[in-house]
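The values are calculated or read from the model by the stated rules, or taken from the named source; none is laboratory data. Keep in mind that what you see is a predicted model, and the values were worked out from it rather than measured. Cβ atoms come from the backbone with ideal geometry, glycine included; neighbour counts cover every protein chain shown.
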């Protein structure tokens, strides 16, 4: 505290300021040398922290362990997802391309539609044989033909959409 700042204080604080100055600790030459050596040692080791080295080492181990645990969780989660979805399956390595797969699916769809139409036609013939009245039999056949025609139209539309890649 300089003397110019003393002039700014009121007169009743001057005795307190004087008493504080007298009670202030004056470091010895040995204390100043120890402080200087500690500052140089901290500057050369790159740490301004007064924490012991062992504590910093433990914290490094903990952060490394936490990082490894997180990476392990991510890796195992990814591997689990790929295993569940079949990314590692041997069939996947030999699977056809998407376009070939679509063609196979459409081919199967057409085959199933034709089989369904054939079985419907057979069932309709059997049902018509069971009807005794000739007029009723004609009406039943006509109705069945209409239904089969609707079914074929729907099947052809479905097959066309499959070939265009719209229906998967």
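Below is a table of values for the structure above.
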{"item": "Residues of the range 128-146 satisfying the condition of being surrounded by fewer than 11 Cβ atoms within 10 Å (Cβ to Cβ) and under 16 Å from residue 117 (Cβ atoms)", "result": "146"}
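This table checks each residue for (1) closer than 30 Å to residue 164 by Cα; (2) at pLDDT 65 or above; (3) outside any helix (DSSP H, G or I); (4) touching a strand residue (DSSP E or B) at 6+ places or on another chain (Cβ under 6 Å).
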site: 9; (1), (2), (3), (4): no, no, yes, no
site: 56; (1), (2), (3), (4): no, yes, no, no
site: 60; (1), (2), (3), (4): no, yes, no, no
site: 68; (1), (2), (3), (4): no, yes, no, no
site: 77; (1), (2), (3), (4): no, yes, no, no
site: 80; (1), (2), (3), (4): no, yes, no, no
site: 99; (1), (2), (3), (4): yes, no, no, no
site: 111; (1), (2), (3), (4): yes, yes, no, no
